[in-house]
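See structure below.
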Amino acid sequence: MVWMNISLIVPILLGWLGGAFVNYIADVLPRTRILGRPDCLHCESPFSWADYLTLRACRSCGKRRPIRAWLVQILTVASFAYFWLFPSKLVGIPLGLIILVYFGVVTVIDLEHRLILHPTSIAGAVIGLISGTLIHSRENGLLIGVGKSLLGGLFGYGVMFIFHYFARYFTRRRARKLQEAGKEDDGEDALGDADVILLGVLGLMFGWPLIWDVLLLGIVLGGVFSILIVIVQLLQRRSASEALMTPIPYGPYFIASAFYFLFLFL
Ligand SMILES: [Zn+2]
């Protein structure tokens, strides 16, 4: 039993590095758009890599690292250890751990900045194509595997693009209503470009027809939480129309759905 636990040192160390990578990308990429030295979010003095990796407070201003940094480290270490012992049946250990890191990066940047960045989209498309091809070429051979991955990507992107097209109509109506109510248009999009690209990536990752399951569960999760949010807002006595028009970021729900089918299903 002790020996089995010692073998967990590998995923725990990898998980710590994976978590640091998620924090690094989420700290640096949305602000600077280049992958430079990490610096303090407060006073911008650079961290040494040793300080950054051990989550030390800034040596210049003493500001502690955000709670998110600790949460990401702990969650990544825990999930690396768990999925090392119980790997994804669809993609196995190495690719599974890479996908976990990708999900972490996209979720943190989506929640903190509501942004989609080209480098993460391109990385996602590459990881997705490898994953979808791996899943579908086992039974059908490489060529059909690639084809099913590409078809899934096209479907995911296409479906979200059409949703997005209709969402724009409601966004414009919302902007008009805000103007009539004498408020500034807050520029929120009912369903962002981020979700269109994310569904394209998840489509590649799962391929056709598995992307259907991911799409449907994501919509159900998003719907259930939206209803809860609207109920909470109504309880706070906001008007029904105002509550219904609050935009919802769908990205995290689709990631949660993909996570379920990739790692917990079967
Ligand atoms: Zn500082």
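The values are calculated or read from the model by the stated rules, or taken from the named source; none is laboratory data. The structure presented is a predicted model; accordingly, all values stated were derived computationally and were not measured. Neighbour counts are summed over all protein chains in view; Cβ atoms, including those assigned to glycine, are modelled from backbone coordinates with ideal geometry. Ligands, DNA and RNA are stripped out before the accessible areas are found, and what is left, the full protein with its side chains, is counted by its heavy atoms. Shrake-Rupley method; radii C 1.70, N 1.55, O 1.52, S 1.80 Å.
Across region 42-68, the number of residues qualifying as within 11 Å of the ligand (Cβ to nearest atom), small (Gly, Ala, Ser) and more than 27 Å from the chain's Cα centre (by Cα) comes to 3.
Take the conditions (1) open to solvent by 20 Å² or more (accessible area, probe 1.4 Å); (2) at pLDDT below 90; residue 130 misses just one of them, which is (2). Only a single criterion out of (1) touching a helix residue (DSSP H, G or I) at 6+ places or on another chain (Cβ under 6 Å); (2) free of Cβ contacts under 8 Å to residues at least 24 places away in the same chain; (3) open to solvent by 10 Å² or more (accessible area, probe 1.4 Å) is not satisfied by residue 67, namely (1). Does residue 123 satisfy being under 30 Å from residue 9 (Cβ atoms) and either modelled with pLDDT under 95 or within 16 Å of the ligand (Cβ to nearest atom) (or both)? No; evaluated as a whole, the condition is false for this residue.
Is it fair to say residue 83 is within 16 Å of the ligand (Cβ to nearest atom) and out of contact with any Ser or Thr (no Cβ under 9 Å at 6 or more places or on another chain)? Spelling it out, it is not the case that residue 83 is within 16 Å of the ligand (Cβ to nearest atom) and out of contact with any Ser or Thr (no Cβ under 9 Å at 6 or more places or on another chain).
Selection of first residues in region 32-48 that are assigned by TED's automatic domain parsing to the domain that holds residue 68 and assigned to a loop (DSSP other than H, G, I, E, B) and of second residues that are within 13 Å of the ligand (Cβ to nearest atom) and acidic (Asp, Glu), restricted to Cβ pairs under 9 Å at least 6 apart or on distinct chains, gives the following pairs, ordered by first then second residue: 38/27; 41/27; 45/39; 47/39.
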